[in-house]
Structures are given as structure tokens and as C-alpha cells.
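What follows is one structure encoded as C-alpha cells, with my remarks underneath.
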Amino acid sequence: MTVTHALWLVCEAKVARSEGEGLTAIMAELLQLSGEQELPQPRANAVIFLGWALARSGETAVGIAKIEEGLDLLSKMGAML
């Protein structure tokens, strides 16, 4: 398992438990690593996690836009959504 994959799983667990605390730092690290390593799927998911965190914190419109951006990235990779 790579660090990127581990961070992705931690983000998923936090979202599943509705735990916004600490998600921003983990998600930021996931965004950075997935960008550096040119990993499009983890990057798309990190953008979706960012959107969830923003929407949860009250920035609903920006959060929804980020979620849509992440879903668009996944769709462009051929993910069946």
C-alpha cells in the first residue's frame, strides 16, 4: 500500500463517519502527493473530499462545485458514475 492510498482510505473513513476534524490536513497531503506522483484517480477523490469538507463547513456552493469538479475528473478517466 502506498502513502497516497493510505491517505485516500483515511479520508474515506472520516467522510463515512462525518468527521471533518483533521480531514483538511490529510486531504491537502493527498492532493499534494497525487499531484506530485501524477495519480489522477486519488487526485480526483481528494478534490471530492475537499468539496465535502467545504460544504460541511458552510461553504456549500464552493463545496458542491469542487465535488462536481472531482466527479468530472473521474468521468474523464472513464469511471462509470
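Bear in mind these aren't lab numbers, they're just calculated from the coordinates by the rules spelled out. From a predicted model like this one, the values you see are computed outputs, not experimental measurements. All Cβ positions, even for glycine, are placed from backbone atoms using ideal geometry, and neighbour counts span all protein chains on display.
Ellipticity at 222 nm from helices only: DSSP H runs of n ≥ 4 in the chain, each -39500 (n - 2.57), divided by the residue count, give -25000 deg cm²/dmol. Note on VAL15, VAL47: ascending count of other Cβ atoms within 10 Å places them as VAL15, VAL47, the fewest first. Report relative contact order for the chain in percent, whole number only (criteria: Cα-Cα under 8 Å, sequence separation at least 6). Once normalised by length, the contact order is 24 percent. Taking the fewest neighbouring Cβ atoms within 10 Å as the starting point, the ordered list for GLU21, GLU69 is GLU21, GLU69. Each residue of segment 15-31 was assigned a 3J(HN,Hα) from its phi angle through the Karplus curve 6.51 cos²θ - 1.76 cosθ + 1.60 (θ = phi - 60°); the sequence is 5, 4, 9, 6, 9, x, 4, x, 5, 4, 5, 5, 5, 5, 5, 5, 4 Hz, with glycine and proline shown as x. Normalising by residue count, the chain has a Cα convex hull of 88 Å³ per residue. Considering only MET80, GLN37, VAL62, the residue lying farthest towards the positive end of the dipole of the chain is MET80, judged by Cα position with unit charges set on Cβ.
This model, with +1 at the C-beta of Lys and Arg and -1 at the C-beta of Asp and Glu, gives the chain a dipole about its Cα centre of some 140 debye. Placing a label point 7 Å from the Cα of GLU69 along the Cα-to-Cβ line, the residues of segment 1-32 whose backbone N sits under 18 Å from it are 24-32. Positive end of the dipole of the chain (Cβ unit charges, origin at the Cα centre): among ALA16, ALA53, THR2, the Cα lying farthest that way belongs to ALA16.
Can you give the relative contact order of segment 38-81 as a percent, counting alpha carbon pairs under 8 Å and 6+ residues apart? It rounds to 41 percent for segment 38-81. Its Cα centre serving as origin, segment 38-81 has a Cβ charge dipole (Lys and Arg +1, Asp and Glu -1) of approximately 80 debye.
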